[in-house]
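What follows is calculated from the coordinates using simple rules that are stated; it is not laboratory data. Quantities reported herein were computed from a predicted structural model and do not represent experimental measurements. No Cβ is skipped: glycine too gets one built from the backbone with ideal geometry, and neighbour counts run over all protein chains shown.
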């Protein structure tokens, strides 16, 4: 807003700077994954979002939160492999996209003993756009810094 010359908006509405962090550790991943098991989908049903895609697995006890560490490690591996600067911090858009990929890819595999394999989580993280978003964001920030 400042770069665009909208100082009146900045002065009136953006006086305090509040940090908004992405997902920064496996506990944050677990907290977010728990929500998939507590949110009803479709609305006004007693089915959880996870159960909508993996009915048999969920009925047999599977919960997405069981894979929190696997998902965190998949993001950490791609972050490190891409040589991204800074600590791993997963934006919600990349996180939810990865979970969506896993649920949709797993739907046809659903069975009582089914658990998404680690390889599928890795594939989903690659397809989430995380690396591309981080590269674009880093490039954009460095361009803004250079212009200032």
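Its relative contact order, with pairs defined as Cα atoms under 8 Å and 6+ residues apart, puts the chain at 24 percent.
For the chain, the longest principal axis of the C-alpha atoms and the axis of helix 118-127 are separated by about 30°.
Just so you know, the Rg over Rh for segment 81-122 is 1.09, from Cα atoms, with Rh as the Kirkwood radius.
Put simply, the convex hull of the Cα atoms in the chain casts, on average, a shadow of 11.3 nm². Kindly express, to the nearest 10 degrees and within the range 0 to 90, the angle between helix 26-38's C-alpha long axis and the longest C-alpha principal axis of the chain. Value to nearest ten degrees: 60. With angles folded into 0 to 90 degrees, how steeply does helix 130-147 sit against the dominant principal axis of the chain? Use alpha carbons for both and round to 10. Helix 130-147 sits at roughly 10 degrees to that axis.
When 49, 41 are arranged by Cβ crowding within 10 Å, least crowded first, meaning fewest neighbours, the order is 41, 49.
Using 0.36 nm times the number of residues separating residue 110 and residue 89, minus their current alpha carbon distance, what extension gain do you get?
Answer, rounded to one decimal: 4.5 nm.
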